[in-house]
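The values are calculated or read from the model by the stated rules, or taken from the named source; none is laboratory data. The model shown is predicted, which means the values in this text are computed figures rather than measured ones. Backbone-built Cβ (ideal geometry, glycine too); neighbour counts: all protein chains shown. Areas reflect the complete protein model, heavy atoms only, side chains present, ligands, DNA and RNA absent. Shrake-Rupley method; radii C 1.70, N 1.55, O 1.52, S 1.80 Å.
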Amino acid sequence: MKTEANDLLSFFLSSSLLKSIPRTGWVWEGIENPETIAEHCFRVTFFAWVLGAKANLQQSRLLPMALTHELCEIHAGDMTPYFDILPEDEEEKQKVLQRWVRLSQKKKEILSRKKFDLEKKALDRVLDPLSPLLQERLLSLWMEYEKGSSLEGKFVKQIDRVEALLQGIEYLGPKPDSILVGWWEGTEEIVDHPILRAFLKTIEHRLYENKASDMDGELAFLMEVGKLKRRPRRGWVIRDVQNPETMANHTFSHALMAWILSWEAEIVLNRDRILKMCLLRLLCHSRLEEESPFDNLLRKAKTQEERRHILGKWIRSSSREKRVRNEKRYLEEEKTLRQIIAPLDSLLQEEMLSCKKEYGENKTSEARFTNQAYVLEILLRAFQYAEEDTNFDIKPWWEWASESIDNSVFAKLMNAMDKRFAKT
Amino acid sequence: MEEKKYYLTKEGLDRVQKEHNDLLAFRKKKTMDDAPSILQSEDVNPEYLVYQEDLHLLEAKIAEHENILKHVELISKPAKGKRLEVCMGATVELVDESDKSVNEYTVLGTLEANPMEGKISSESPVGKQLLGKKIGEIVVINSPIEVKYRVQNIRY
């Protein structure tokens, strides 16, 4: 039984909230514009891909598990490991935060149970609009993660913590006397997979001691990935959107939409491949400036009126111009991607380049699906911006979607969006 | 229920045929060379599970290609009488009535569509509106805000 388009839309709207909820730990630390839960999930999924490949784990479960492991936080909020134990007094609270959680075994079990129950209840609410099949799939992934009942579940639990530690070091620097002391303690308590233990050693050697280490390549790559948490999408910047969405936030939504909708498709699709193509889509922009299709035209605009006119519709040009622009963009992106993935082992590089080629050529069912999900996700974001700001023009996005979407699942969702956001 | 047709250019058809042949060869190799031991039950053999999953995907791909080849319709230049209207394979020049800007699309089947290169699917909302239109006719793309184009030129 498939999920109705309106219900799918409800799910995607609620999951998009993860793109605006900041991670609690960084808020407490006073970090300016801290990462969102979605941005954290985005990089955890990359951890799953790159480190999971070294660990020889089943990627078809690992990646979606990493992507969706925080869905419950839409309603449960971002519960830190200090859940329910922090004193009210700010000074006392800071003292507790300087060290990892120190509790009796019994208290840990009670809190763990309480957290699990709250999160399970929240997750049930998040998944409620979806078909029983999708609910079962997402719930089983989350249970595996939460209970550590599989190698993949244990691995995601551990990389969740390692990614947070790395983010902490990136925010605060490798300081010996910061909140990170507690984070290191907590991470070393939980991480037991040999690949992740080696990765932690590399973090220590490279970032604290500036010494060469075994997994320098993987660390460099994953830190490069982290840059997308701070890169806003150009299409929103040129439209003066307040707090434009970052590339990491977008990629999270794109990957989630593509993966969920792949279960609703009429044909069997390689979901692992789809997820990977989604993840890679914007990666080159950690180094390469993102160019919007409107940039060339905007450079020629002399007045605000001309600018408004250009931005008020989708790109109009000859087939030849479109092809030339597309080829030029592809070559630039591919070249940059090669540089970014150069530190990884050759098999992973090969896989990533072939994913890039596949979605660039748009010839396989998976590529078409990924590319149409990309357009649809952006259309949804545009509708959300239009709802917040009456001056935001939805027209170009609708035009783009009208020429790009031919898959029936996406077409139904597009119509559901039109109805949901239609101005009365 | 009418079965879905797959419109392909000659080049597209050759590509699908080659892919199909490659998949069949790959299946033969996978079932002969790569099959892991199934002496252990599938509960404890993750390698077997991955292998089964790979095979399932492979079979699905082969079936997909066979379905396409069974229902293919070749896109070719239409008869002289039909060349004044938009058919599969047409490259259409459109003028936006509001500001006279020109847009161009080539209308192809879903398997060869690539909107970023101006190749749109006949099954997309724009593609559906274009098919059958003649030079001078108006094409209306319905949306939260309507877009009206006039067909300026059609070529094959």
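Return yes when B:VAL95 is assigned to a strand (DSSP E or B) and either within 24 Å of the chain's Cα centre (by Cα) or among the basic types (Lys, Arg) (or both) and no when it is not. Spell out the reasoning first.
On the way: assigned to a strand (DSSP E or B): yes; either within 24 Å of the chain's Cα centre (by Cα) or among the basic types (Lys, Arg) (or both): no.
Against the criterion (assigned to a strand (DSSP E or B) and either within 24 Å of the chain's Cα centre (by Cα) or among the basic types (Lys, Arg) (or both)), B:VAL95 does not qualify.
Applying the selection to the range B:132-152, what residues are within 24 Å of the chain's Cα centre (by Cα) and more than 10 Å from chain A (Cβ to nearest Cβ)?
B:GLY132, B:LYS133, B:LYS134, B:VAL139, B:VAL140, B:VAL151
May I ask you to say which residue of A:ARG239, A:ARG273 is assigned by TED's automatic domain parsing to the domain that holds A:SER408, open to solvent by 10 Å² or more (accessible area, probe 1.4 Å), touching a residue at least 24 places away in the same chain (Cβ under 8 Å) and part of a loop (DSSP other than H, G, I, E, B)?
Working: A:ARG273 fails: part of a loop (DSSP other than H, G, I, E, B).
Result of the check over A:ARG239, A:ARG273: A:ARG239.
Under 8 Å by Cβ, and 6 or more places apart or on different chains, what pairs join a residue from the range A:148-161 that is in the same structural domain as A:SER60 (by TED's automatic domain parsing) with one that is at pLDDT 95 or above and among the β-branched types (Val, Ile, Thr)?
A:VAL156/A:VAL44; A:ILE159/A:VAL44; A:ASP160/A:VAL44
Given (1) under 26 Å from A:VAL409 (Cα atoms); (2) touching an Asp or Glu at 6+ places or on another chain (Cβ under 9 Å); (3) open to solvent by 70 Å² or more (accessible area, probe 1.4 Å); (4) charged (D, E, K, R), identify the lone condition not met by B:ARG150.
(1)
Among the candidates A:GLY186, A:GLY173, A:GLY182, single out the residue that is over 19 Å from A:ALA66 (Cα atoms), surrounded by fewer than 17 Cβ atoms within 10 Å (Cβ to Cβ) and either without any contact (Cβ under 8 Å) to a residue 12 or more places away in the chain or small (Gly, Ala, Ser) (or both).
Details: A:GLY186 fails: surrounded by fewer than 17 Cβ atoms within 10 Å (Cβ to Cβ); A:GLY182 fails: surrounded by fewer than 17 Cβ atoms within 10 Å (Cβ to Cβ).
On inspection, the qualifying residue turns out to be A:GLY173.
Report yes if A:LEU86 is open to solvent by 30 Å² or more (accessible area, probe 1.4 Å) and in contact (Cβ under 8 Å) with a residue 12 or more places away in the chain, otherwise no. It would help to see each step written out before you state the result.
Numbers: open to solvent by 30 Å² or more (accessible area, probe 1.4 Å): yes; in contact (Cβ under 8 Å) with a residue 12 or more places away in the chain: no.
Considered against the rule, which asks whether it is open to solvent by 30 Å² or more (accessible area, probe 1.4 Å) and in contact (Cβ under 8 Å) with a residue 12 or more places away in the chain, A:LEU86 comes out as no.
Of the residues in the range A:17-52, how many are of a type in the set (Gly, Ala, Ser) and touching a helix residue (DSSP H, G or I) at 6+ places or on another chain (Cβ under 6 Å)? Even if it seems obvious, please write down each step before you answer.
Start the filter on the range A:17-52 by keeping residues that are of a type in the set (Gly, Ala, Ser), which leaves A:20, A:25, A:30, A:38, A:48, A:52.
Next, from what is left, pick out any that are touching a helix residue (DSSP H, G or I) at 6+ places or on another chain (Cβ under 6 Å): A:38, A:48, A:52.
Selection size over the range A:17-52: 3.
Among the residues of the range B:4-52 satisfying the criterion of being of a type in the set (Asp, Glu) and at pLDDT 80 or above, which is most open to solvent (accessible area, probe 1.4 Å)?
To start, the set of residues in the range B:4-52 that are of a type in the set (Asp, Glu) comprises B:11, B:14, B:19, B:22, B:33-34, B:42-43, B:47.
Filter once more, keeping what is at pLDDT 80 or above: B:11, B:14, B:19, B:22.
Working: B:GLU11: 146, B:ASP14: 78, B:GLU19: 59, B:ASP22: 80 Å².
It comes out as B:GLU11.
A quick yes/no check of all residues on (1) within 12 Å of another protein chain (Cβ to nearest Cβ); (2) under 27 Å from A:ASP7 (Cβ atoms); (3) at pLDDT 95 or above:
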site	(1), (2), (3)
A:LYS356	no, no, yes
A:GLU366	yes, yes, yes
A:TYR374	yes, yes, yes
A:GLN384	no, yes, yes
A:ASN391	no, no, no
A:LEU413	no, yes, yes
A:ASP418	yes, yes, no
A:LYS423	yes, yes, no
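Working only within the range A:147-157, note down all residues that are open to solvent by 10 Å² or more (accessible area, probe 1.4 Å) and on the phi < 0 side of the Ramachandran plot. Walk me through how you get there before you give the answer.
Step one: of the range A:147-157, the residues open to solvent by 10 Å² or more (accessible area, probe 1.4 Å) are A:147-152, A:154, A:157.
Within the range A:147-157, A:LYS147, A:SER149, A:SER150, A:LEU151, A:GLU152, A:LYS154, A:LYS157 meet the criteria.
Conditions (1) under 16 Å from B:SER121 (Cα atoms); (2) open to solvent by less than 20 Å² (accessible area, probe 1.4 Å); (3) in a helix (DSSP H, G or I), marked per residue:
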position	(1), (2), (3)
A:GLN339	no, no, yes
A:PRO343	no, no, no
A:TYR359	no, yes, yes
A:PHE369	yes, yes, yes
A:LEU379	no, yes, yes
A:GLN384	no, no, yes
A:PHE392	no, no, no
A:LYS412	no, no, yes
A:ASN415	no, no, yes
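Given A:LEU127, A:LEU118, A:LEU141, A:LEU133, which one is over 19 Å from A:ALA38 (Cβ atoms) and surrounded by 15 or more Cβ atoms within 10 Å (Cβ to Cβ)? Give the derivation first.
Details: A:LEU127 fails: over 19 Å from A:ALA38 (Cβ atoms); A:LEU141 fails: over 19 Å from A:ALA38 (Cβ atoms); A:LEU133 fails: surrounded by 15 or more Cβ atoms within 10 Å (Cβ to Cβ).
Exactly one of A:LEU127, A:LEU118, A:LEU141, A:LEU133 is over 19 Å from A:ALA38 (Cβ atoms) and surrounded by 15 or more Cβ atoms within 10 Å (Cβ to Cβ), namely A:LEU118.
I'd like the residue in the range B:63-89 that is within 18 Å of the chain's Cα centre (by Cα) and either in a helix (DSSP H, G or I) or more than 22 Å from B:LYS128 (Cα to Cα) (or both) and, out of all such residues, is nearest to the other protein chains (Cβ to nearest Cβ).
Applying the filter and picking the extreme gives B:GLU64.
Which members of the range A:252-268 meet the condition of being among the small types (Gly, Ala, Ser) and under 11 Å from the mean Cα position of the chain (by Cα)? Working first, answer last.
Quick first cut of the range A:252-268, residues among the small types (Gly, Ala, Ser) only: A:253, A:255, A:258, A:262, A:265.
A:SER253, A:ALA255 - these are the residues of the range A:252-268 that are among the small types (Gly, Ala, Ser) and under 11 Å from the mean Cα position of the chain (by Cα).
If the requirement is being in contact with a strand residue (DSSP E or B) (Cβ under 9 Å, 6 or more places away or on another chain) and more than 23 Å from A:ASP295 (Cα to Cα), which of these qualifies: A:LYS357, A:LYS363, A:LYS395? Before the answer, list the steps.
On the way: A:LYS357 fails: in contact with a strand residue (DSSP E or B) (Cβ under 9 Å, 6 or more places away or on another chain); A:LYS395 fails: more than 23 Å from A:ASP295 (Cα to Cα).
The match here is A:LYS363.
Condition test on A:LYS335, is it without any contact (Cβ under 8 Å) to a residue 12 or more places away in the chain, of a type outside the set (A, V, I, L, M), surrounded by fewer than 20 Cβ atoms within 10 Å (Cβ to Cβ) and not in a helix (DSSP H, G or I)?
On the way: without any contact (Cβ under 8 Å) to a residue 12 or more places away in the chain: yes; of a type outside the set (A, V, I, L, M): yes; surrounded by fewer than 20 Cβ atoms within 10 Å (Cβ to Cβ): yes; not in a helix (DSSP H, G or I): no.
Criteria not met by A:LYS335.
Of all the residues that make up the range A:220-236, how many are assigned to a helix (DSSP H, G or I) and open to solvent by less than 40 Å² (accessible area, probe 1.4 Å)?
9
Taking the condition of being of a type in the set (Lys, Arg) and out of contact with any strand residue (DSSP E or B) (no Cβ under 9 Å at 6 or more places or on another chain), how many residues in the range A:228-255 meet it?
At the first step, the residues of the range A:228-255 found to be of a type in the set (Lys, Arg) are A:229-231, A:233-234, A:239.
Narrowing the set further to residues that are out of contact with any strand residue (DSSP E or B) (no Cβ under 9 Å at 6 or more places or on another chain) leaves A:234, A:239.
Adding up the residues that qualify gives 2.
Scanning for something surrounded by fewer than 14 Cβ atoms within 10 Å (Cβ to Cβ), more than 9 Å from chain A (Cβ to nearest Cβ), of a type outside the set (A, V, I, L, M) and touching a residue at least 24 places away in the same chain (Cβ under 8 Å), does the range B:109-131 turn up at least one residue?
Keep residues of the range B:109-131 that are surrounded by fewer than 14 Cβ atoms within 10 Å (Cβ to Cβ), which gives none.
Checked against the condition, which is being surrounded by fewer than 14 Cβ atoms within 10 Å (Cβ to Cβ), more than 9 Å from chain A (Cβ to nearest Cβ), of a type outside the set (A, V, I, L, M) and touching a residue at least 24 places away in the same chain (Cβ under 8 Å), the range B:109-131 yields no hits at all.
Mind listing whichever residues of the range A:52-81 are part of a loop (DSSP other than H, G, I, E, B) and closer than 30 Å to A:HIS250 by Cβ? It would help to see each step written out before you state the result.
So in the range A:52-81, the residues part of a loop (DSSP other than H, G, I, E, B) come out as A:55-58, A:69-72, A:77-81.
The answer is A:ALA55, A:LEU57, A:GLN58, A:HIS69, A:GLU70, A:LEU71, A:CYS72, A:GLY77, A:ASP78, A:MET79, A:THR80, A:PRO81.
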